[in-house]
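The values are calculated or read from the model by the stated rules, or taken from the named source; none is laboratory data. Computed from a prediction, not measured in an experiment: that's the story for all the values here. When we count neighbours, we look across all protein chains shown, and the Cβ atoms used for this are built from the backbone with ideal geometry, even at glycine. With ligands, DNA and RNA removed, areas are computed over all heavy atoms of the protein, side chains included. Shrake-Rupley method; radii C 1.70, N 1.55, O 1.52, S 1.80 Å.
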Amino acid sequence: MDTESLIKSLLKEAELYQSQGLLDDAKQKYDNAAALIEKNPELENRQDLLDTVSEKIGALGSDIDKVEKASKSPELSAKVQDLIKNLFAFSDEKDKDETELEGAIALAKFGQFDAALAEFNELIKRDSLRVVAAKNILRCHIANASLDDAVAQYGQWLSSDIVFSSQQLESIRIFLQGILDRKRIDKRLPSVVSSTHFEAVVTPSHVEEEISEDEEFLDITLIGIRPKAGRLIELDVNFQRGNTISVLIPGRDKDSINRVEVGLKLDDVECSSAFAVFMASGTVIEKTRIDTGAKRGDYRVEIKIESA
Amino acid sequence: MAILNLKNREIECKIVYYGPGRSGKTTNLEHIFKAFQKHVKGEMVSIDTEGDRTLFFDFLPFGVGKIKGCDVRVQLYTVPGQVQYSSTRKLVLKGVDGLVFVADSLEVRRKKNMISLKDLQQNLKDYGTNIFEVPLVLQFNKRDLAEQGIPLMSTEDMERDLNRQLKAPIFSASAVSGDGVGQTLTECLKLTLQSLQRQFNWAE
Ligand SMILES: Nc1nc2c(ncn2[C@@H]2O[C@H](COP(=O)(O)OP(=O)(O)O)[C@@H](O)[C@H]2O)c(=O)[nH]1
Ligand SMILES: [Mg+2]
(Lines give C-alpha, C1' and ligand atoms only; values in the text may rest on other atoms or scores of the structure.)
(Ligands and ions follow the chains in the order given, each with its own letter.)
Protein backbone atom coordinates (compact mmCIF):
# COMPACT_ATOMS: atom_id res chain seq x y z
CA MET A 1 0.00 0.00 0.00
CA ASP A 2 1.35 3.44 -0.81
CA THR A 3 1.67 5.92 2.00
CA GLU A 4 -1.39 7.89 1.06
CA SER A 5 -3.68 4.87 1.04
CA LEU A 6 -2.15 3.68 4.26
CA ILE A 7 -2.92 6.99 5.95
CA LYS A 8 -6.42 6.93 4.53
CA SER A 9 -7.13 3.48 5.89
CA LEU A 10 -5.71 4.38 9.31
CA LEU A 11 -8.01 7.38 9.46
CA LYS A 12 -10.96 5.29 8.40
CA GLU A 13 -10.27 2.75 11.11
CA ALA A 14 -9.82 5.48 13.68
CA GLU A 15 -13.15 7.02 12.78
CA LEU A 16 -14.95 3.71 13.04
CA TYR A 17 -13.41 2.88 16.41
CA GLN A 18 -14.36 6.30 17.66
CA SER A 19 -17.96 5.79 16.54
CA GLN A 20 -18.04 2.52 18.47
CA GLY A 21 -16.73 4.11 21.63
CA LEU A 22 -13.38 2.34 21.31
CA LEU A 23 -11.64 5.54 22.18
CA ASP A 24 -8.19 4.20 23.02
CA ASP A 25 -8.05 2.18 19.81
CA ALA A 26 -9.17 5.21 17.83
CA LYS A 27 -6.51 7.36 19.41
CA GLN A 28 -3.88 4.76 18.65
CA LYS A 29 -4.79 4.81 14.95
CA TYR A 30 -4.78 8.62 14.80
CA ASP A 31 -1.38 8.62 16.52
CA ASN A 32 -0.09 6.15 13.93
CA ALA A 33 -1.47 8.29 11.11
CA ALA A 34 0.11 11.43 12.56
CA ALA A 35 3.50 9.73 12.83
CA LEU A 36 3.27 8.57 9.25
CA ILE A 37 2.36 12.05 7.99
CA GLU A 38 5.26 13.55 9.93
CA LYS A 39 7.66 11.09 8.36
CA ASN A 40 6.62 11.89 4.78
CA PRO A 41 7.39 15.51 3.92
CA GLU A 42 6.48 14.94 0.27
CA LEU A 43 2.78 14.44 1.04
CA GLU A 44 0.31 16.84 -0.50
CA ASN A 45 -1.59 19.06 1.95
CA ARG A 46 0.63 17.71 4.65
CA GLN A 47 0.09 20.54 7.11
CA ASP A 48 -3.69 20.49 6.67
CA LEU A 49 -3.72 16.78 7.26
CA LEU A 50 -1.59 17.09 10.36
CA ASP A 51 -3.81 19.83 11.76
CA THR A 52 -6.94 17.78 11.21
CA VAL A 53 -5.46 14.71 12.83
CA SER A 54 -4.14 16.54 15.86
CA GLU A 55 -7.51 18.19 16.30
CA LYS A 56 -9.10 14.73 16.34
CA ILE A 57 -6.54 13.48 18.82
CA GLY A 58 -7.25 16.43 21.09
CA ALA A 59 -11.01 15.85 20.95
CA LEU A 60 -10.55 12.15 21.66
CA GLY A 61 -8.35 12.97 24.62
CA SER A 62 -11.08 15.02 26.21
CA ASP A 63 -13.68 12.30 25.48
CA ILE A 64 -11.45 9.76 27.18
CA ASP A 65 -11.15 12.11 30.14
CA LYS A 66 -14.89 12.54 30.34
CA VAL A 67 -15.45 8.80 30.44
CA GLU A 68 -12.83 8.40 33.11
CA LYS A 69 -14.27 11.14 35.25
CA ALA A 70 -17.87 9.99 34.92
CA SER A 71 -19.38 9.00 38.23
CA LYS A 72 -18.85 5.33 38.94
CA SER A 73 -21.86 5.12 41.19
CA PRO A 74 -24.48 7.69 40.30
CA GLU A 75 -27.69 7.85 42.30
CA LEU A 76 -30.22 5.69 40.48
CA SER A 77 -33.98 6.17 40.34
CA ALA A 78 -36.09 4.57 43.05
CA LYS A 79 -37.49 2.23 40.44
CA VAL A 80 -34.09 0.92 39.44
CA GLN A 81 -33.05 0.65 43.08
CA ASP A 82 -36.09 -1.52 43.71
CA LEU A 83 -35.18 -3.65 40.75
CA ILE A 84 -31.65 -4.12 42.08
CA LYS A 85 -33.01 -5.09 45.48
CA ASN A 86 -35.23 -7.73 43.93
CA LEU A 87 -32.87 -9.09 41.31
CA PHE A 88 -29.88 -9.51 43.57
CA ALA A 89 -31.44 -11.19 46.55
CA PHE A 90 -30.87 -14.87 45.99
CA SER A 91 -32.01 -16.48 49.18
CA ASP A 92 -35.01 -18.69 49.41
CA GLU A 93 -38.05 -16.45 49.49
CA LYS A 94 -39.16 -18.05 52.70
CA ASP A 95 -36.15 -16.65 54.48
CA LYS A 96 -37.40 -13.10 54.60
CA ASP A 97 -34.58 -11.78 56.76
CA GLU A 98 -31.84 -13.14 54.58
CA THR A 99 -33.53 -12.00 51.37
CA GLU A 100 -33.96 -8.45 52.59
CA LEU A 101 -30.42 -8.34 53.90
CA GLU A 102 -29.10 -9.45 50.51
CA GLY A 103 -31.20 -6.83 48.76
CA ALA A 104 -29.79 -4.09 50.98
CA ILE A 105 -26.24 -5.35 50.46
CA ALA A 106 -26.78 -5.33 46.70
CA LEU A 107 -27.79 -1.68 46.90
CA ALA A 108 -24.59 -0.90 48.75
CA LYS A 109 -22.51 -2.86 46.27
CA PHE A 110 -24.01 -0.84 43.45
CA GLY A 111 -23.05 2.33 45.29
CA GLN A 112 -26.57 3.26 46.36
CA PHE A 113 -25.50 4.08 49.88
CA ASP A 114 -28.39 6.28 50.96
CA ALA A 115 -30.94 3.73 49.85
CA ALA A 116 -28.92 0.95 51.44
CA LEU A 117 -28.69 2.87 54.71
CA ALA A 118 -32.44 3.33 54.75
CA GLU A 119 -32.85 -0.45 54.36
CA PHE A 120 -30.28 -1.35 56.99
CA ASN A 121 -31.86 1.10 59.41
CA GLU A 122 -35.07 -0.88 59.09
CA LEU A 123 -33.32 -4.24 59.36
CA ILE A 124 -31.49 -3.18 62.51
CA LYS A 125 -34.83 -3.21 64.30
CA ARG A 126 -34.96 -6.99 63.91
CA ASP A 127 -33.28 -9.02 66.58
CA SER A 128 -31.75 -11.56 64.25
CA LEU A 129 -30.20 -8.99 61.92
CA ARG A 130 -29.21 -6.33 64.41
CA VAL A 131 -25.46 -6.80 64.44
CA VAL A 132 -24.98 -7.57 60.78
CA ALA A 133 -27.16 -4.59 59.85
CA ALA A 134 -25.22 -2.34 62.21
CA LYS A 135 -21.89 -3.39 60.72
CA ASN A 136 -23.21 -2.78 57.24
CA ILE A 137 -24.38 0.67 58.28
CA LEU A 138 -20.85 1.46 59.42
CA ARG A 139 -19.47 0.08 56.17
CA CYS A 140 -21.83 2.27 54.15
CA HIS A 141 -20.72 5.36 56.03
CA ILE A 142 -17.11 4.49 55.42
CA ALA A 143 -17.53 3.68 51.74
CA ASN A 144 -19.77 6.69 51.23
CA ALA A 145 -17.55 9.37 52.60
CA SER A 146 -16.78 9.48 56.18
CA LEU A 147 -15.28 7.51 58.99
CA ASP A 148 -16.48 10.28 61.29
CA ASP A 149 -20.07 9.40 60.47
CA ALA A 150 -19.34 5.79 61.30
CA VAL A 151 -17.78 6.72 64.62
CA ALA A 152 -20.64 9.10 65.42
CA GLN A 153 -23.13 6.37 64.57
CA TYR A 154 -21.43 3.98 66.94
CA GLY A 155 -21.49 6.62 69.67
CA GLN A 156 -25.18 7.08 69.12
CA TRP A 157 -25.84 3.36 69.45
CA LEU A 158 -23.83 3.32 72.65
CA SER A 159 -25.98 5.91 74.35
CA SER A 160 -29.27 4.50 73.16
CA ASP A 161 -29.30 1.36 75.22
CA ILE A 162 -32.65 0.34 73.83
CA VAL A 163 -31.81 -2.04 71.05
CA PHE A 164 -28.39 -3.57 71.53
CA SER A 165 -27.17 -6.02 74.10
CA SER A 166 -23.76 -5.19 75.45
CA GLN A 167 -22.33 -8.22 73.71
CA GLN A 168 -23.69 -7.01 70.39
CA LEU A 169 -22.27 -3.55 70.98
CA GLU A 170 -18.92 -5.04 71.78
CA SER A 171 -18.91 -7.03 68.58
CA ILE A 172 -19.68 -3.84 66.65
CA ARG A 173 -17.00 -1.91 68.51
CA ILE A 174 -14.37 -4.51 67.71
CA PHE A 175 -15.42 -4.43 64.09
CA LEU A 176 -15.15 -0.64 63.80
CA GLN A 177 -12.00 -0.43 65.89
CA GLY A 178 -10.42 -2.92 63.51
CA ILE A 179 -11.21 -0.69 60.56
CA LEU A 180 -9.84 2.39 62.35
CA ASP A 181 -6.68 0.52 63.24
CA ARG A 182 -6.14 -0.69 59.73
CA LYS A 183 -6.56 2.84 58.48
CA ARG A 184 -4.05 3.90 61.14
CA ILE A 185 -6.49 6.28 62.74
CA ASP A 186 -5.47 6.87 66.30
CA LYS A 187 -8.78 6.65 68.05
CA ARG A 188 -9.99 4.33 70.78
CA LEU A 189 -13.69 3.65 70.72
CA PRO A 190 -15.33 3.55 74.12
CA SER A 191 -16.48 0.12 75.13
CA VAL A 192 -19.55 -0.92 77.06
CA VAL A 193 -17.78 -3.95 78.42
CA SER A 194 -15.60 -3.16 81.39
CA SER A 195 -13.46 -6.27 81.37
CA THR A 196 -10.48 -5.81 79.14
CA HIS A 197 -9.40 -9.39 78.79
CA PHE A 198 -12.07 -9.93 76.19
CA GLU A 199 -10.55 -7.24 74.06
CA ALA A 200 -7.02 -8.45 74.46
CA VAL A 201 -7.81 -11.76 72.89
CA VAL A 202 -10.23 -10.73 70.22
CA THR A 203 -8.89 -7.48 68.80
CA PRO A 204 -7.29 -8.19 65.46
CA SER A 205 -3.55 -8.17 65.52
CA HIS A 206 -2.05 -5.00 64.17
CA VAL A 207 -1.09 -5.50 60.60
CA GLU A 208 2.31 -4.17 59.83
CA GLU A 209 2.19 -4.25 56.10
CA GLU A 210 0.66 -1.39 54.22
CA ILE A 211 -3.00 -1.79 53.44
CA SER A 212 -3.72 -0.17 50.15
CA GLU A 213 -5.88 2.93 50.06
CA ASP A 214 -8.00 1.21 47.44
CA GLU A 215 -9.52 -0.98 50.05
CA GLU A 216 -12.67 -1.17 47.99
CA PHE A 217 -10.98 -3.40 45.50
CA LEU A 218 -10.06 -5.95 48.09
CA ASP A 219 -13.02 -8.20 48.27
CA ILE A 220 -12.87 -9.39 51.86
CA THR A 221 -10.91 -7.43 54.42
CA LEU A 222 -11.91 -9.03 57.66
CA ILE A 223 -13.49 -12.27 58.71
CA GLY A 224 -15.11 -13.43 61.89
CA ILE A 225 -15.18 -17.14 62.58
CA ARG A 226 -16.48 -19.27 65.37
CA PRO A 227 -14.63 -22.56 65.04
CA LYS A 228 -16.14 -25.40 67.02
CA ALA A 229 -18.85 -23.10 68.31
CA GLY A 230 -16.41 -21.29 70.55
CA ARG A 231 -15.98 -17.56 70.91
CA LEU A 232 -15.81 -15.33 67.85
CA ILE A 233 -12.35 -14.80 66.37
CA GLU A 234 -11.93 -11.80 64.11
CA LEU A 235 -9.03 -11.89 61.71
CA ASP A 236 -7.62 -9.52 59.13
CA VAL A 237 -7.42 -10.90 55.64
CA ASN A 238 -3.85 -10.72 54.48
CA PHE A 239 -4.53 -11.43 50.91
CA GLN A 240 -7.10 -13.03 48.73
CA ARG A 241 -6.85 -15.15 45.65
CA GLY A 242 -10.24 -15.79 44.12
CA ASN A 243 -12.32 -17.23 46.91
CA THR A 244 -9.39 -18.31 49.01
CA ILE A 245 -8.35 -15.93 51.74
CA SER A 246 -5.30 -15.99 53.88
CA VAL A 247 -5.27 -14.80 57.49
CA LEU A 248 -2.71 -14.67 60.27
CA ILE A 249 -3.32 -15.88 63.79
CA PRO A 250 -0.80 -14.48 66.26
CA GLY A 251 1.32 -17.16 67.87
CA ARG A 252 0.28 -16.09 71.35
CA ASP A 253 -3.38 -16.85 70.59
CA LYS A 254 -2.96 -20.55 71.40
CA ASP A 255 -6.64 -21.11 71.85
CA SER A 256 -7.53 -19.94 68.35
CA ILE A 257 -4.66 -21.83 66.80
CA ASN A 258 -5.83 -25.03 68.44
CA ARG A 259 -9.40 -24.58 67.35
CA VAL A 260 -8.51 -24.06 63.68
CA GLU A 261 -7.52 -27.25 61.89
CA VAL A 262 -7.12 -28.17 58.25
CA GLY A 263 -10.36 -29.60 56.92
CA LEU A 264 -12.49 -27.84 59.49
CA LYS A 265 -15.79 -26.66 58.06
CA LEU A 266 -16.90 -23.23 59.18
CA ASP A 267 -20.59 -22.59 58.89
CA ASP A 268 -20.93 -18.94 59.78
CA VAL A 269 -18.03 -17.00 58.43
CA GLU A 270 -18.76 -13.32 58.74
CA CYS A 271 -17.02 -11.65 55.82
CA SER A 272 -16.51 -7.91 55.71
CA SER A 273 -15.79 -6.38 52.37
CA ALA A 274 -15.48 -2.72 51.56
CA PHE A 275 -19.17 -2.42 50.89
CA ALA A 276 -20.81 -5.04 52.90
CA VAL A 277 -20.84 -7.61 55.59
CA PHE A 278 -22.14 -10.97 54.56
CA MET A 279 -22.26 -14.51 55.88
CA ALA A 280 -20.61 -17.38 54.08
CA SER A 281 -19.36 -20.83 54.81
CA GLY A 282 -15.79 -21.95 54.42
CA THR A 283 -13.24 -24.67 54.84
CA VAL A 284 -9.80 -24.41 56.35
CA ILE A 285 -7.46 -25.68 53.65
CA GLU A 286 -4.07 -24.83 55.06
CA LYS A 287 -2.44 -23.96 58.36
CA THR A 288 1.27 -23.30 58.53
CA ARG A 289 3.52 -21.93 61.19
CA ILE A 290 5.67 -19.07 59.98
CA ASP A 291 9.30 -19.74 60.78
CA THR A 292 11.06 -16.67 59.53
CA GLY A 293 10.68 -12.91 59.47
CA ALA A 294 8.68 -10.49 61.57
CA LYS A 295 5.73 -12.83 61.78
CA ARG A 296 7.72 -15.73 63.14
CA GLY A 297 5.64 -17.89 65.41
CA ASP A 298 2.36 -16.75 63.90
CA TYR A 299 0.18 -19.08 61.89
CA ARG A 300 -0.88 -18.50 58.34
CA VAL A 301 -4.30 -20.02 57.74
CA GLU A 302 -5.98 -20.34 54.36
CA ILE A 303 -9.72 -20.55 54.20
CA LYS A 304 -11.72 -21.31 51.14
CA ILE A 305 -14.93 -19.31 51.18
CA GLU A 306 -17.74 -21.31 49.67
CA SER A 307 -20.90 -19.37 49.25
CA ALA A 308 -19.71 -15.78 49.18
CA MET B 1 -29.81 -20.18 40.19
CA ALA B 2 -32.91 -21.01 38.27
CA ILE B 3 -36.17 -20.93 40.16
CA LEU B 4 -38.29 -23.95 39.42
CA ASN B 5 -41.82 -24.29 40.57
CA LEU B 6 -42.82 -27.69 39.36
CA LYS B 7 -46.24 -27.58 40.95
CA ASN B 8 -47.20 -24.51 38.93
CA ARG B 9 -45.02 -25.70 36.03
CA GLU B 10 -42.90 -22.55 36.02
CA ILE B 11 -39.19 -22.07 35.37
CA GLU B 12 -37.27 -18.86 35.67
CA CYS B 13 -33.63 -18.84 34.66
CA LYS B 14 -30.84 -16.37 34.13
CA ILE B 15 -28.75 -15.83 31.01
CA VAL B 16 -25.85 -13.39 31.06
CA TYR B 17 -24.19 -11.77 28.04
CA TYR B 18 -20.50 -11.48 28.89
CA GLY B 19 -17.58 -10.08 26.93
CA PRO B 20 -15.17 -7.17 26.63
CA GLY B 21 -16.37 -3.57 26.63
CA ARG B 22 -18.04 -2.40 23.39
CA SER B 23 -18.28 -5.86 21.85
CA GLY B 24 -22.02 -5.50 21.33
CA LYS B 25 -23.69 -7.05 24.38
CA THR B 26 -26.14 -4.22 24.91
CA THR B 27 -26.83 -4.13 21.16
CA ASN B 28 -27.78 -7.84 21.31
CA LEU B 29 -30.35 -7.15 24.01
CA GLU B 30 -31.66 -4.10 22.20
CA HIS B 31 -32.23 -6.19 19.11
CA ILE B 32 -34.00 -8.89 21.11
CA PHE B 33 -36.17 -6.23 22.70
CA LYS B 34 -37.20 -4.85 19.31
CA ALA B 35 -37.43 -8.02 17.26
CA PHE B 36 -39.10 -10.33 19.76
CA GLN B 37 -41.66 -7.95 21.25
CA LYS B 38 -44.11 -10.80 21.76
CA HIS B 39 -41.69 -12.51 24.12
CA VAL B 40 -40.63 -9.44 26.02
CA LYS B 41 -42.19 -9.42 29.47
CA GLY B 42 -41.37 -5.90 30.59
CA GLU B 43 -39.15 -2.94 30.02
CA MET B 44 -35.50 -3.22 29.17
CA VAL B 45 -33.56 -1.51 31.92
CA SER B 46 -30.16 -0.11 31.01
CA ILE B 47 -27.99 1.41 33.67
CA ASP B 48 -25.42 3.31 31.70
CA THR B 49 -23.16 6.27 32.04
CA GLU B 50 -21.09 8.78 30.08
CA GLY B 51 -20.79 7.70 26.45
CA ASP B 52 -23.50 5.00 26.73
CA ARG B 53 -21.22 2.70 28.61
CA THR B 54 -23.02 0.05 30.57
CA LEU B 55 -22.37 0.94 34.17
CA PHE B 56 -23.91 -1.88 36.14
CA PHE B 57 -25.95 -4.05 33.81
CA ASP B 58 -28.78 -4.21 31.28
CA PHE B 59 -31.79 -6.27 32.16
CA LEU B 60 -34.54 -7.68 29.96
CA PRO B 61 -37.26 -10.07 31.14
CA PHE B 62 -38.09 -12.55 28.42
CA GLY B 63 -40.74 -15.23 28.07
CA VAL B 64 -40.02 -18.31 26.01
CA GLY B 65 -43.52 -19.71 26.29
CA LYS B 66 -44.57 -23.23 27.17
CA ILE B 67 -42.01 -26.01 26.84
CA LYS B 68 -43.09 -29.50 27.86
CA GLY B 69 -45.98 -27.89 29.69
CA CYS B 70 -43.70 -25.55 31.61
CA ASP B 71 -43.91 -21.81 31.40
CA VAL B 72 -40.30 -20.77 30.83
CA ARG B 73 -39.16 -17.26 31.68
CA VAL B 74 -35.65 -15.94 31.26
CA GLN B 75 -33.89 -12.98 32.76
CA LEU B 76 -31.41 -11.63 30.26
CA TYR B 77 -28.52 -9.56 31.57
CA THR B 78 -25.43 -7.92 30.17
CA VAL B 79 -22.40 -7.08 32.24
CA PRO B 80 -20.27 -3.95 32.05
CA GLY B 81 -17.20 -4.90 30.05
CA GLN B 82 -14.72 -2.30 31.22
CA VAL B 83 -12.06 -3.73 33.46
CA GLN B 84 -12.68 -1.28 36.29
CA TYR B 85 -16.20 -2.61 36.91
CA SER B 86 -15.05 -6.02 37.99
CA SER B 87 -16.94 -6.20 41.26
CA THR B 88 -20.33 -5.36 39.76
CA ARG B 89 -19.63 -7.65 36.84
CA LYS B 90 -19.10 -10.49 39.25
CA LEU B 91 -22.28 -9.68 41.12
CA VAL B 92 -24.33 -9.78 37.91
CA LEU B 93 -22.87 -13.19 37.14
CA LYS B 94 -24.09 -14.66 40.40
CA GLY B 95 -26.58 -17.46 39.94
CA VAL B 96 -26.16 -17.60 36.16
CA ASP B 97 -27.72 -20.54 34.33
CA GLY B 98 -26.45 -19.89 30.81
CA LEU B 99 -23.93 -17.62 29.11
CA VAL B 100 -23.40 -15.89 25.81
CA PHE B 101 -19.86 -14.68 25.32
CA VAL B 102 -19.93 -11.82 22.82
CA ALA B 103 -16.49 -11.57 21.24
CA ASP B 104 -15.49 -8.57 19.17
CA SER B 105 -14.26 -9.53 15.70
CA LEU B 106 -12.17 -6.37 15.35
CA GLU B 107 -8.50 -7.24 15.10
CA VAL B 108 -7.63 -4.48 17.56
CA ARG B 109 -9.80 -6.16 20.19
CA ARG B 110 -8.13 -9.55 20.02
CA LYS B 111 -6.46 -9.40 23.42
CA LYS B 112 -9.51 -7.88 25.08
CA ASN B 113 -11.55 -10.91 24.06
CA MET B 114 -9.07 -13.29 25.60
CA ILE B 115 -8.73 -11.29 28.80
CA SER B 116 -12.48 -11.15 29.19
CA LEU B 117 -12.90 -14.88 28.67
CA LYS B 118 -10.23 -15.52 31.27
CA ASP B 119 -12.01 -13.14 33.63
CA LEU B 120 -15.25 -15.04 33.05
CA GLN B 121 -13.56 -18.32 33.83
CA GLN B 122 -12.10 -16.94 37.07
CA ASN B 123 -15.36 -15.38 38.21
CA LEU B 124 -17.28 -18.58 37.52
CA LYS B 125 -14.64 -20.50 39.42
CA ASP B 126 -15.04 -18.19 42.40
CA TYR B 127 -18.71 -19.17 42.42
CA GLY B 128 -17.75 -22.83 42.21
CA THR B 129 -18.73 -23.20 38.55
CA ASN B 130 -16.55 -24.78 35.89
CA ILE B 131 -16.58 -22.89 32.59
CA PHE B 132 -16.47 -26.22 30.75
CA GLU B 133 -19.68 -27.32 32.39
CA VAL B 134 -21.81 -24.21 32.23
CA PRO B 135 -24.08 -23.78 29.16
CA LEU B 136 -22.08 -21.38 27.00
CA VAL B 137 -22.36 -20.06 23.47
CA LEU B 138 -19.79 -17.92 21.68
CA GLN B 139 -20.81 -15.12 19.39
CA PHE B 140 -18.33 -13.54 16.97
CA ASN B 141 -19.90 -10.14 16.54
CA LYS B 142 -19.48 -7.23 14.12
CA ARG B 143 -18.92 -9.50 11.10
CA ASP B 144 -20.55 -6.80 8.95
CA LEU B 145 -17.47 -4.59 9.29
CA ALA B 146 -15.48 -6.77 6.89
CA GLU B 147 -17.35 -5.17 4.01
CA GLN B 148 -16.13 -1.77 5.07
CA GLY B 149 -12.53 -2.90 4.88
CA ILE B 150 -11.94 -2.74 8.61
CA PRO B 151 -9.43 -5.37 9.77
CA LEU B 152 -11.33 -8.27 11.32
CA MET B 153 -10.02 -11.54 12.62
CA SER B 154 -11.01 -14.61 10.65
CA THR B 155 -13.47 -16.84 12.46
CA GLU B 156 -10.80 -19.58 12.35
CA ASP B 157 -8.35 -17.37 14.20
CA MET B 158 -11.00 -16.45 16.74
CA GLU B 159 -11.81 -20.11 17.26
CA ARG B 160 -8.18 -20.79 17.92
CA ASP B 161 -7.97 -17.93 20.42
CA LEU B 162 -11.16 -18.57 22.28
CA ASN B 163 -12.61 -21.96 21.56
CA ARG B 164 -9.74 -24.39 21.23
CA GLN B 165 -10.51 -25.98 24.56
CA LEU B 166 -14.02 -24.80 25.22
CA LYS B 167 -15.57 -26.31 22.10
CA ALA B 168 -18.66 -24.22 22.53
CA PRO B 169 -21.17 -23.60 19.72
CA ILE B 170 -20.24 -20.52 17.69
CA PHE B 171 -22.37 -17.98 15.92
CA SER B 172 -21.22 -15.21 13.65
CA ALA B 173 -23.32 -12.14 14.15
CA SER B 174 -23.93 -8.54 13.40
CA ALA B 175 -25.87 -7.30 16.36
CA VAL B 176 -26.60 -3.88 14.80
CA SER B 177 -28.52 -5.52 11.98
CA GLY B 178 -29.70 -8.39 14.13
CA ASP B 179 -28.01 -11.11 12.09
CA GLY B 180 -27.23 -14.09 14.27
CA VAL B 181 -28.71 -12.56 17.42
CA GLY B 182 -31.78 -14.80 17.50
CA GLN B 183 -29.76 -17.95 16.70
CA THR B 184 -27.30 -17.18 19.47
CA LEU B 185 -30.04 -16.76 22.04
CA THR B 186 -31.97 -19.81 20.86
CA GLU B 187 -28.92 -22.06 21.14
CA CYS B 188 -28.06 -20.70 24.56
CA LEU B 189 -31.63 -21.25 25.75
CA LYS B 190 -31.57 -24.79 24.42
CA LEU B 191 -28.35 -25.61 26.25
CA THR B 192 -29.58 -23.92 29.42
CA LEU B 193 -32.85 -25.81 29.49
CA GLN B 194 -31.08 -29.09 28.78
CA SER B 195 -28.72 -28.43 31.65
CA LEU B 196 -31.64 -27.62 33.96
CA GLN B 197 -33.27 -30.81 32.79
CA ARG B 198 -30.21 -32.79 33.83
CA GLN B 199 -30.19 -31.05 37.20
CA PHE B 200 -33.88 -31.00 38.02
CA ASN B 201 -35.61 -33.29 35.56
CA TRP B 202 -38.32 -30.70 35.09
CA ALA B 203 -39.63 -31.99 31.74
CA GLU B 204 -40.96 -35.21 33.23
N1 LIG C 1 -20.72 -2.45 12.91
C2 LIG C 1 -21.18 -3.03 14.02
N3 LIG C 1 -21.20 -2.33 15.16
C4 LIG C 1 -21.67 -2.93 16.28
C5 LIG C 1 -22.15 -4.26 16.27
N6 LIG C 1 -22.55 -4.57 17.52
C7 LIG C 1 -22.35 -3.47 18.27
N8 LIG C 1 -21.83 -2.47 17.54
C9 LIG C 1 -21.45 -1.14 17.97
O10 LIG C 1 -20.44 -1.26 18.95
C11 LIG C 1 -20.60 -0.26 19.97
C12 LIG C 1 -20.68 -0.90 21.33
O13 LIG C 1 -21.84 -1.70 21.41
P14 LIG C 1 -22.53 -2.07 22.81
O15 LIG C 1 -23.69 -2.96 22.50
O16 LIG C 1 -22.81 -0.82 23.60
O17 LIG C 1 -21.35 -2.87 23.47
P18 LIG C 1 -21.28 -3.50 24.95
O19 LIG C 1 -20.29 -2.67 25.69
O20 LIG C 1 -20.77 -4.88 24.74
O21 LIG C 1 -22.64 -3.47 25.57
C22 LIG C 1 -21.85 0.53 19.57
O23 LIG C 1 -21.44 1.68 18.90
C24 LIG C 1 -22.58 -0.42 18.66
O25 LIG C 1 -23.38 0.28 17.72
C26 LIG C 1 -22.11 -4.98 15.03
O27 LIG C 1 -22.50 -6.13 14.92
N28 LIG C 1 -21.61 -4.30 13.96
MG1 LIG D 1 -23.23 -2.60 27.33
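Some values worked out for this structure:
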quantity: Dimensionless Rg over Rh [the range B:151-204; C-alpha; Kirkwood]; calculated: 1.11
quantity: For chain B: rounded, prolate or oblate by the Cα gyration tensor [a/c cutoff 1.5]; calculated: prolate
quantity: Solvent-accessible area per residue, Å², over the range B:98-204 with all protein chains present [probe radius 1.4 Å]; calculated: 48
quantity: In nm, spacing of pseudo-spin labels at A:ARG231 and A:ASP127 (7 Å Cα→C-beta vector); calculated: 2.5
quantity: Shape category assigned to chain A from the gyration tensor of Cα positions, a/c cut at 1.5; calculated: prolate
quantity: Size of the A/B contact, given as accessible area buried on both chains, probe 1.4 Å, in Å²; calculated: 3000
quantity: FRET E, pair A:ARG182, A:SER54, Förster distance 56 Å, beta-carbon r, rounded to 0.05; calculated: 0.75
quantity: Solvent-accessible ranking of B:ASP161, A:ASP186, largest area first, probe 1.4 Å; calculated: A:ASP186, B:ASP161
quantity: Near-label residues of the range B:17-43 by backbone N, under 13 Å of a point 7 Å along Cα→Cβ of B:THR186; calculated: none
quantity: Rounded, prolate or oblate (a/c below 1.5 giving rounded, otherwise prolate when a/b exceeds b/c) for the range B:36-86 by Cα gyration tensor; calculated: prolate
quantity: Shielding by partners, peptide B:145-153 (average Cβ within 10 angstrom, other chains); calculated: 2
quantity: Linear extension gain, B:SER177 paired with B:ASP52, 0.36 nm per residue minus alpha-carbon span; calculated: 43.1 nm
quantity: Residue-averaged beta-carbon neighbours from other chains (10 angstrom radius) around A:13-26; calculated: 4
quantity: Residue-wise HN-Hα coupling along the range A:286-301, computed from phi with Karplus coefficients 6.51, -1.76, 1.60 (Hz; x: Gly, Pro); calculated: 7, 9, 10, 7, 8, 9, 9, x, 4, 9, 3, x, 7, 10, 9, 10
quantity: Label-point separation, B:ILE67 to B:MET114 (7 Å along Cα→Cβ), nm; calculated: 3.4
quantity: MRE, 222 nm, helices only [DSSP H, n ≥ 4, -39500 (n - 2.57), over chain A, to nearest 500]; calculated: -15500 deg cm²/dmol
quantity: Contour excess over end-to-end distance, with Cα ends at A:ASP114 and A:LYS254 and 0.36 nm allotted per residue; calculated: 46.2 nm
quantity: FRET efficiency, 1/(1 + (r/R0)^6) with R0 25 Å, evaluated for A:THR244 and B:ARG164 via beta carbons; calculated: 0.35
quantity: Local electrostatic count, A:SER5, Cβ distance below 14 Å [Lys/Arg +1, Asp/Glu -1]; calculated: -2
quantity: The protein assembly as shown - percent of accessible surface contributed by carbon and sulfur, probe 1.4 Å; calculated: 49
quantity: In Å², nearest 10: area of B:THR155 left accessible to a 1.4 Å probe; calculated: 40
quantity: Extension reserve of the B:GLU107-B:LEU6 stretch, reckoned as 0.36 nm per residue once the Cα distance is removed; calculated: 31.7 nm
quantity: Charge dipole (debye, nearest 20) of the range A:81-148; +1 at Cβ of Lys and Arg, -1 at Cβ of Asp and Glu; calculated: 200
quantity: Net charge contributed by nearby residues that have their C-beta within less than 11 Å of B:LEU138 (K/R +1, D/E -1); calculated: -2
quantity: Beta bridges per DSSP with both ends in the protein assembly as shown, % antiparallel, nearest 5; calculated: 70
quantity: Radius 11 Å from Cβ of B:THR155, net charge of other residues (Lys, Arg +1; Asp, Glu -1); calculated: -2
quantity: Simple Cβ-charge dipole of the range A:6-58, Lys/Arg +1 and Asp/Glu -1, about Cα centre, in debye nearest 20; calculated: 100
quantity: Unit charges on C-beta of K, R, D, E only; dipole of chain B, Debye; calculated: 460
quantity: Inter-label distance for A:VAL163 and A:LYS79, nm, one decimal - labels placed 7 Å from Cα along Cα-to-Cβ; calculated: 3.2
quantity: Computed [θ] at 222 nm, helices only, for chain B once each DSSP H run of length n ≥ 4 contributes -39500 (n - 2.57); calculated: -10000 deg cm²/dmol
